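The block underneath contains the structure these notes are about, expressed in structure tokens.
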Amino acid sequence: MKSNNTTPSPAYNTETTSNTTDDNWNMREMIIKFGVTQAAVLEAVKEVGKNRTRIEQYLSAKK
């Protein structure tokens, strides 16, 4: 039977970090929200870091 596990990959889920920053996001969420590839999200992380707001701004500007 095929597993329907939809838990985000721990490599991109930053929920274990401090809650004082906006670092709670996952790869799948960004791909769906912005209609981009995994490579585009990784590029955004490389450019602006893991902060959700900065990643969203970066991906929005790339549209």
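Just so you know, all these numbers are worked out from the coordinates, no wet-lab data involved. What you are looking at is a predicted structure, and each value in this text was computed from that prediction instead of being measured. Note: ideal-geometry Cβ built from the backbone for every residue, glycine included; neighbour counts use all protein chains shown.
Observations on the model:
- With both labels modelled 7 Å from their Cα along Cα-to-Cβ, the I32 to S60 distance reads 2.0 nm.
- Net +/- balance of residues flanking D22 in space, Cβ distance below 10 Å, scoring K and R +1, D and E -1: +1
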